[in-house]
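S.K.: Below you'll find the structure I mean.
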Amino acid sequence: MKGPILPSAAELHSLLKRLYPITRSLTGDGVRETLRVVQEVADLEIQEYPSGAQVYDWQIPREWNIRDAHISTLDGQRVVDFRRNGLHVVGYSVPVCEEMAFADLEPHLHTLPNLPDAIPYRTSYYRENWGFCLTQKQLEAMDRNARYHVVIDSTLEDGVLNFGEKLLRGTSGREFFLSTYCCHPWMANDNQSGVVLTAFLNRYLSQKEELHHSYRIVWVPETIGAISYLAHNELAMKNLEGGFVLSCCGGPGPLAYKETFLGDHLIDRAVKLAFRDAGIEPWLRPFAPDGSDERQYSMPAFRIPMCTIAKDKYYDYAYYHTSLDDPDFVTGENLLSTLKMYIDAIEILERNRVFKTTMPYCEPQLGKRGLYPQIGGAHNQFGNVKKCAMSIEAEVDALTWMMFLADGTMDMVDIAERSAQPYSNLCVAAVKLVENGLLEEIQEVNAR
Amino acid sequence: MKGPILPSAAELHSLLKRLYPITRSLTGDGVRETLRVVQEVADLEIQEYPSGAQVYDWQIPREWNIRDAHISTLDGQRVVDFRRNGLHVVGYSVPVCEEMAFADLEPHLHTLPNLPDAIPYRTSYYRENWGFCLTQKQLEAMDRNARYHVVIDSTLEDGVLNFGEKLLRGTSGREFFLSTYCCHPWMANDNQSGVVLTAFLNRYLSQKEELHHSYRIVWVPETIGAISYLAHNELAMKNLEGGFVLSCCGGPGPLAYKETFLGDHLIDRAVKLAFRDAGIEPWLRPFAPDGSDERQYSMPAFRIPMCTIAKDKYYDYAYYHTSLDDPDFVTGENLLSTLKMYIDAIEILERNRVFKTTMPYCEPQLGKRGLYPQIGGAHNQFGNVKKCAMSIEAEVDALTWMMFLADGTMDMVDIAERSAQPYSNLCVAAVKLVENGLLEEIQEVNAR
Amino acid sequence: MKGPILPSAAELHSLLKRLYPITRSLTGDGVRETLRVVQEVADLEIQEYPSGAQVYDWQIPREWNIRDAHISTLDGQRVVDFRRNGLHVVGYSVPVCEEMAFADLEPHLHTLPNLPDAIPYRTSYYRENWGFCLTQKQLEAMDRNARYHVVIDSTLEDGVLNFGEKLLRGTSGREFFLSTYCCHPWMANDNQSGVVLTAFLNRYLSQKEELHHSYRIVWVPETIGAISYLAHNELAMKNLEGGFVLSCCGGPGPLAYKETFLGDHLIDRAVKLAFRDAGIEPWLRPFAPDGSDERQYSMPAFRIPMCTIAKDKYYDYAYYHTSLDDPDFVTGENLLSTLKMYIDAIEILERNRVFKTTMPYCEPQLGKRGLYPQIGGAHNQFGNVKKCAMSIEAEVDALTWMMFLADGTMDMVDIAERSAQPYSNLCVAAVKLVENGLLEEIQEVNAR
């Protein structure tokens, strides 16, 4: 086998389904179990930072674990049962074990009146609180005059915040970043889709015979995990050239592209070329400091340009942060199409080099090198050359543009934009021209 | 009372009506009377330059005053009567007192055949001449075979060119300019509207507890007044950062915006933000060296970027430079809406500062400072936080953008453009963040 | 007679028709005869480089001459006859004199099935080969079971590659380039149209009393001729500021404009102003390294910005590289309209100067210099000034813009773009202002 192989849609969906029903939060057993499952695909290391550590303006919270939770009638019937869906409890709820009137319980109940079958996803990480999330229908079925047993069997104790990390070394001296968040429980698009794609991107890059760039890949709890990682890797993070936040990659919506805060960084240009060459117009989302951890990574001290390729990005779909974001909402085919777009963009970065012509004075005579058809003058240049299929015409276009533009001041991304030729064709042309001694690769410079 | 107050529409229109029927020209009693009326609202100083003074390529003309003028039949009936409308005499007409045939009179008569009820506005400042302006209907009623008494009781004598001036001092070391022209007689939109708005802008700025910038405000006769002022204040004028020429501010047309010659100067950007935040699309007029005194102020030796916010700008309306441009054409409401747009733009300049985060490494934890709702995860971030109205959501957006962008390289105008957040919201956010020690103001630099 | 005169449409077409039926190729008698005919209009010099010379990556081929060629039935009937149309033989065909079966002949036959009445144009310059081009109808009339006499009476011998050259000297120290190709046989638009227009442009420029810029004008065989010329004039070519490749100038299609590889070079801007002022929207073709010799001249070592104004540019018309591209397809009127556009663009370059105001502090008083109407205030500035036609209004606009912009940092092309005033009007204004001591010309700098 030569080179990396893509997973099948089924393989992607299978991993997603295994990760989906794990009860996760910022910290705790669920995160560890999630990362251990990911390790079956990607050789990440599971790391930890201790509770209570100060990370810039934030403090790593205590570790939260939960075993059970329910609202029950006084005769023992579970009206809301955490064991059926992990979203039923507000994340980081403190322990509760009480009998109380509905009126006292009600302020702790969260529903979505407009989506009466959906359980919302809610958290209270930084203020001690507790609560239940339930469907509007469940709420309406409750007896407003009754009393209920309310149990949350959770613990908040000193422990650790876990995350996954993998460093892949390339030769260019340039490092890119892939980050996803592994804290969201019981939702498929947000964000087991990101966890899964990052796992397979890790596998893909690891399987390449040689990496041009280095890649830093992390699975972190959102916000506090990203901030903790920045705080513990400040110099390395300042050296990053750019990267990707993998989030919401598998919904039924169109492929979307959220730009970096620069909008025209090499990362943006690589992604836009990938979309262009795939013939797909992305649903373009300009940068905003919302959404996910790009808002941390791009803060003034770091200013790492981070983008996101998504299918049904956060905020963009009706089931966002609800129990309806489940494995039926996310298909393997959707995951695969997004994965391919990430790989296309990364391969553009991998193959981005600077070439300089050795023949700057005129067009090289391609014909004498077997790179050009021998009968000239035909209307489409190749119409009468029986064996020249379209691909040969395209190849001569690519050769010609390469020889014209490759003067040592433009990299392959520049050339692909300027010439409107497919990136892959230009790479093929570059290889042929190097083989023929007409181009030489020159040292590229870190763009940052 | 705290802070400046806006005039009412009635107050604006009332001043306009008082100023309208004063016979003005470049010089003379009418200008002095006009400036004295303006002094009732604005504490300007009435200044003067002597006739005959050389100002660059120009010479200040003699002072022109006129007491009466008419064309009368030989039996004493006034066919054209200056006492009914000051526009009837060509500005700067030399004295005449003659009986003459219609044929000899005709070359001195100006009408508008396409607007048969309108008296045109005409002048002959720099060539000795005389003439009458009348309606086409008046002309047609005259007897082409008759002789007429023609009287212009005017004087052209050494005197002064008057203008109004007010300097308001701010603390930023940056100075902006407001200029209007006070020479046009008997027309409301062009330009008692500008004279009135400049008066109330002067009052508004004077009433502010503290001015950030300095403002130089002048009421000058058009062209020669502006040139005289430049010649006498050369160094100060070269130090100006930009400004506004107030002209034609009260017609029924849409709000128009004539850009500075740069088109993207801070002045332009402030005005465009004011329009944007007001939800108004301006009728955009690119700069041309026509119209009013921006053509002098922006000449090569000065290059002061000057813009104009107008309602029915010169050239843009049918009644331009005619007697139909009267106080019925200009309403108080129109004047007020233009005044507000000027104030909005000036307030954007006033509040334009550079802030730098004290927390550049990650988002500050807004929650622990009471700046963020405590239950996370809701779809629109605030959907389930009962007391959070839309304004709180907008405030968090503004806080987040401020913390993201305020790295000491962008001012508030930059940030408002980049974030697409309302300027006022960003200012509120900046104040809160400074109060919480998360931002500090740093010294801004004169952009010129 | 003062100044250069334009040819008539008939004069243009007449030269085209004389040149059309000459059998040309890269080298040989046909090129020499073509250049001698051109000499009747343009005083070019006929130059030569020897066969076998190495020019960069290429070698100048042997000289090819052909006297006769035909495919005949065995009873002597010419089925394909070179004497009827020079396109019938593949360019640079080696000599043949054989009797052969149709099956052996067929691989050497070229037709256009989609244009059954057209003979295609084919060449085989750099690989020894031979062939015939014929109409699809001719092919279908041949007997596939018959044997044919096949004769190509050609020679390939050491000789020379000829080209025409003319250097015209100006005073600015800046040199521009005009290049056309003179190798295409028996086609009118591609490219006797270019040969003819270059001849008359040479005549036009030679007839000017004084040239501001220098012009280097060449008629070269395509590709190898351009490369040979570059190789023999390397330093001079690197000093060129930009230029024009004249190709396909006389078809019935709309005027097209192929940009230089920069797209916004002075050359591009001059051409776009010429189109703008003529009120013609060009069919804009972005640069691609295809088509004609711009692909050589713009290679990295030279990077000469070269553009093309065309009517039915190569690739853009159905008859391209066929016998249907004949003198009926190209009219004298079409040639003249393209010639005029070239002249307009070149005249913009000729008159492009940098002026600096001597009166930077305010508008000069045009009135006292007789440059402005004496009655002010009229709606369109000149409505009541009986003798002021539209042209005077336009002239004052041009005067005003010139005085506003001519600060020594902008040339006339900059000013024409910025002001949107017709270039000619601005030139007239500049002359008047210089005469009045209000502007002075300052030394311009080579833009390259």
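The values are calculated or read from the model by the stated rules, or taken from the named source; none is laboratory data. Note that the coordinates shown come from a computational prediction; the quantities given were computed from them, not determined experimentally. Note: ideal-geometry Cβ built from the backbone for every residue, glycine included; neighbour counts use all protein chains shown. Surface accessibility is based on the protein's heavy atoms, side chains included, excluding ligands, DNA and RNA. Shrake-Rupley method; radii C 1.70, N 1.55, O 1.52, S 1.80 Å.
S.K.: Of all DSSP beta bridges located in chain B, what percent are antiparallel, nearest 5?
M.R.: On the way: 44 of 64 bridges.
Rounded to the nearest five, the antiparallel share is 70 percent.
S.K.: Residues of chain C: accessible area per residue at 1.4 Å, in Å²?
M.R.: On the way: 16690 Å² over 448 residues.
Heavy-atom SASA per residue in chain C reads 37 Å².
S.K.: On a full-extension model of 0.36 nm per residue, what is the gain between residue C:284 and residue C:36, subtracting their alpha-carbon distance, rounded to one decimal in nm? Write down the numbers at each step before the final one.
M.R.: Numbers: separation 248, 0.36 × 248 = 89.28 nm, distance 3.46 nm.
Length difference between fully extended and current span is 85.8 nm.
S.K.: For segment B:114-187, which GluC sites (Glu not before Pro) pass both filters: DSSP loop (anything but H, G, I, E, B) and at most 12 other C-beta atoms within 10 Å?
M.R.: For GluC sites (Glu not before Pro) across segment B:114-187 that sit outside H, G, I, E and B with at most 12 neighbouring Cβ atoms in 10 Å, the list reads B:128.
S.K.: So, with +1 on the Cβ of K and R and -1 on the Cβ of D and E, and no other charges, what is the size of the charge dipole of the protein assembly as shown about its Cα centre, to the nearest 20 debye? The partial results should precede the final answer.
M.R.: Values: 129 positive and 180 negative charges, 20 e Å.
Dipole about the Cα centre, nearest 20: 100 debye.
S.K.: Find how many whole Å separate the alpha carbon centroid of segment A:8-84 from the alpha carbon centroid of segment A:330-374.
M.R.: With segment A:330-374 and segment A:8-84 each reduced to a Cα centre, they are spaced 42 Å.
S.K.: Would you tell me the mean number of C-beta atoms belonging to other protein chains that fall within 10 Å of each C-beta in C:220-229, as a whole number? Write out the running numbers ahead of the final one.
M.R.: Working: counts 0, 0, 1, 4, 2, 0, 2, 4, 1, 0.
So the per-residue partner count for this stretch is 1.
S.K.: Turning to a different aspect of this structure: Report the antiparallel proportion of the DSSP beta bridges in the protein assembly as shown as a percent, rounded to a multiple of 5.
M.R.: On the way: 135 of 195 bridges.
For the protein assembly as shown, the DSSP antiparallel bridge percentage is about 70.
S.K.: What spacing in nm lies between the two simple spin-label points modelled at residue C:210 and residue C:144, each 7 Å away from Cα in the Cβ direction?
M.R.: Each label point lies 7 Å from its Cα, and together they span 7.3 nm.
S.K.: In segment A:275-302, what residues drop by 30 Å² or more in accessible surface going from the chain by itself to the full protein assembly, probe 1.4 Å?
M.R.: Correct list: A:287, A:289, A:295, A:296, A:299, A:300, A:301.
S.K.: Excluding residues on the same chain fewer than 8 positions from residue C:356, give the aspartates and glutamates whose Cα lies under 17 Å from its Cα.
M.R.: B:57, C:407, C:411, C:414, C:435, C:440, C:441, C:444
S.K.: What is the residue of chain C with the smallest Cβ distance to the axis taking C onto A, and what is that distance in whole Å?
M.R.: So the closest residue, with its distance, comes out as C:264, 11.
S.K.: Using only Cα atoms, locate the centre of segment A:155-173 and the centre of segment B:181-197, then give the distance between them in Å, rounded to an integer.
M.R.: One Cα centre to the other: 71 Å.
S.K.: Measuring nothing but label to label, 7 Å from Cα along Cα→Cβ, what are residue B:315's distances to the other copies in nm, shortest first?
M.R.: Ordered by increasing distance: 4.2, 4.3 nm.
S.K.: Would you mind telling me the share, in percent, of accessible area of the protein assembly as shown contributed by carbon and sulfur at probe 1.4 angstrom? Please list the in-between numbers first.
M.R.: On the way: 24510 of 50120 Å².
Ligands and nucleic acids excluded, carbon and sulfur give 49 percent.
S.K.: Another question, if that's okay. Non-local amide H neighbours of residue A:181 (under 5 Å, H modeled in plane, Pro and chain starts lacking H): which ones?
M.R.: Placed amide hydrogens put A:220 under 5 Å from residue A:181.
S.K.: Which distances in nm, rounded to one decimal and ordered from shortest, link the label point of residue A:146 to the equivalent label points in the other identical copies, with labels set 7 Å from Cα toward Cβ?
M.R.: Result for residue A:146, in nm, nearest copy first: 10.4, 10.4.
S.K.: Ignoring ligands, DNA and RNA, how much accessible area is buried between chains A and C, both sides summed, with a 1.4 Å probe, to the nearest 100 Å²?
M.R.: Numbers: alone 19440 and 19420 Å², together 36130 Å².
So the buried area, both faces added, is about 2700 Å².
S.K.: Mind checking the angle between helix B:423-435 and chain B's longest principal axis? C-alpha axes, 0 to 90 degrees, to the nearest 10.
M.R.: Tilt relative to chain B: about 40 degrees.
S.K.: Ok, one more. Label position 7 Å from Cα toward Cβ: report the copy-to-copy distances for residue A:114 in nm, one decimal, ordered from shortest.
M.R.: 5.4, 5.4
S.K.: Hey, another quick one. Across the residues of B:354-365, average count of Cβ atoms on other protein chains within 10 Å?
M.R.: Numbers: counts 0, 0, 1, 3, 1, 5, 6, 14, 19, 10, 4, 8.
Per residue, the number of nearby Cβ atoms from other chains is 6 on average.
S.K.: Tell me which trypsin sites (Lys or Arg not before Pro) from segment C:1-105 have a DSSP coil assignment and no more than 13 other beta carbons within 10 Å of their own.
M.R.: Numbers: sites: C:2, C:17, C:18, C:24, C:32, C:36, C:62, C:67, C:78, C:83, C:84; in loops: C:2, C:24, C:62, C:83, C:84.
The qualifying sites are C:2, C:83, C:84.
S.K.: Right, here's the next one. List the residues of segment A:40-63 that lose 10 Å² or more of accessible area once all protein chains are present, compared with their chain alone (1.4 Å probe, heavy atoms only, no ligands or nucleic acids).
M.R.: Those are A:56, A:57, A:58, which lose 10 Å² or more relative to the chain on its own.
S.K.: What would the Debye formula give as log10 I(q)/I(0) at q = 0.12, 0.18 Å⁻¹ for the alpha-carbon point model of segment A:63-157, no solvent?
M.R.: Cα-only, vacuum Debye calculation for segment A:63-157: -0.33, -0.76.
S.K.: Could you list the GluC sites (Glu not before Pro) in segment C:13-75 that lie in coil according to DSSP, counting only those with at most 10 other Cβ atoms within 10 Å of their Cβ? Don't jump to the answer; show the numbers that get you there.
M.R.: Details: sites: C:33, C:40, C:45, C:48, C:63; in loops: C:40.
Answer in residue order: C:40.
S.K.: Taking 1 over the mean of 1/r across every pair of different Cα atoms in the protein assembly as shown, what Kirkwood radius in Å do you get?
M.R.: Values: mean 1/r = 0.0263 Å⁻¹.
Roughly 38.0 Å, rounded to one decimal.
S.K.: Using only alpha carbons, build the gyration tensor for chain B and give me the equivalent ellipsoid semi-axes, biggest first, whole Å. Mind dumping the intermediate values first?
M.R.: Details: eigenvalues 533, 102, 55 Å².
Those come to 52, 23, 17 Å.
S.K.: Using alpha-carbon positions, what is the distance between the centroids of segment C:265-296 and segment A:259-314, in Å?
M.R.: Answer, in whole Å: 36.
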